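Please read the structure below before turning to the comments.
Each value in this text was obtained by applying a stated rule to the coordinates, not by laboratory testing. Given the structure is predicted, the values throughout are model-derived calculations rather than measurements. All Cβ positions, glycine included, derive from the backbone under ideal geometry; neighbour counts span all protein chains shown.
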Amino acid sequence: MRLHSEAWILSVGVMAAAAGTVPAQGYPNRPIRVVTSEAGGGNDRMARVLAQAMSVSMGQQVTVDNRPAGVTPGEIVSKAPPDGHTLLVYNNSVWIAPLIEGGGQYDAVRDFAPISELARTPNVVVVKASSPARSVPELIAIAKANPGLKFGSSGAGATARLAGELFAAMASVKLVHVGFKGNAASVNALLADEVQVLFPTASSAMPLVLSGKARALGVTSTEPSPLAPGVPPVAESGLPGYASTTIFGAFAPAATPRAVVARLNDEMVRFLGAPGMKEKLAGLGMDAVGSSPQEFAVTVKSELARMTKVIRDAGIRVE
């Protein structure tokens, strides 16, 4: 995997040379735009705290450009000038979308230069408080006795959708996906008994659980998470080997000069390691990470390989 990631970074450098370079010492020379999803979600929260910090450290205004749900942000950044002034902050769904029938019109490996993994957050298996399922094994038993149990998410490429499909495949149960326009709509559907289970991120799930309206059965990370205190990993409570995590990362267009990518990486890793930042991001439901471009490239390619089979077997397509 390391050889693959080095080859990816090398190819980015070759394309940069062909396209002309931007001296790192002259960068940035105008405001930087960070493209992300609609306001209010995890992508937006990550983009905004990052933009605020970079506006100070880089000496240029860094603005957040919110776009509607879907693959639009990825398409915008993949076609942007490769000069480091248009960036993408998004979770796994931006590199998963092109794998889905009718999904993004770009290639997540070919068209982006990875900058850094920014943060992670687990998803949580959630049922309504009145559900008879009180554990992952009980949910699996109920699903086997009632084929066609419904689960909701915000769309085809959403991490909650993929977490649910992976759960169904590994548990050998039939779950029917119901797509909604946004996380809030899927939560309302759970409370109205229109769906029986959700796989939202911890930041969305835990307020619902703490309110007493829902019950958390398992967290999708391989280890217990402080973002979902007291909730056991699915892998340790009935489904060995299960793992599905929402990963937030930053990208530039492919062919962005390596010196510019390195400057951006330095800024982002410094930001993520700043005093109090881990606690601040935890308050937003995220675990701060920070990585090199090469490490992030390995993560993206590994996740692409892992989820391709899930997407194909489930026949996921844009709805």
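Within the listed set ALA141, ALA282, ALA202, the residue fluctuating most in the Gaussian network model of the chain (springs between alpha-carbon atoms under 10 angstrom) is ALA141. Taking the charge dipole of the chain about its Cα centre, with +1 at Lys and Arg Cβ atoms and -1 at Asp and Glu Cβ atoms, the residue from MET54, VAL231, ALA252 reaching farthest to the positive side is VAL231.
In a reduced charge model with +1 at each Lys and Arg Cβ and -1 at each Asp and Glu Cβ, segment 124-236 shows a dipole moment near 240 debye about its Cα centre.
Take every DSSP beta bridge whose two residues both sit in the chain; close to 55 percent of them are antiparallel. For the chain, with only Lys/Arg (+1) and Asp/Glu (-1) charged at the beta-carbon, what is the dipole magnitude about the Cα centre, in debye rounded to 20? It comes to approximately 240 debye. Hull volume per residue, based on the alpha-carbon atoms of the chain and their convex hull, is 118 Å³. Considering only GLY104, GLY276, PRO132, and ranking their Cα positions along the charge dipole of the chain that arises from unit charges at the beta-carbon of Lys, Arg, Asp and Glu, the one farthest toward the positive end is PRO132.
What 222 nm value per residue comes from the helices of the chain, counting each DSSP H run with n ≥ 4 as -39,500 (n - 2.57) and dividing by all residues, nearest 500 deg cm²/dmol?
One gets -12500 deg cm²/dmol as the mean residue ellipticity at 222 nm.
Within the listed set LEU99, LEU162, LEU149, the Gaussian network model of the chain (springs between alpha-carbon atoms below 10 Å) gives the highest mean-square fluctuation for LEU149. Which one of ALA108, ALA305, ALA133 has the biggest mean-square fluctuation once the chain is modelled by GNM with Cα springs under 10 Å? In this elastic network of the chain, the residue with the biggest mean-square fluctuation among ALA108, ALA305, ALA133 is ALA305. Both radii were evaluated on the Cα set of segment 207-319; the Rg over Rh quotient, with Rh as the Kirkwood radius, amounts to 1.03. In the chain, with Lys and Arg counted as +1 and Asp and Glu as -1 at Cβ, which of these residues, VAL77, THR222, TYR27, has the Cα nearest the positive end of the dipole, that is, farthest along it? Of VAL77, THR222, TYR27, it is THR222. For segment 124-236, the convex hull drawn through the C-alpha positions has a volume of 89 cubic angstrom per residue.
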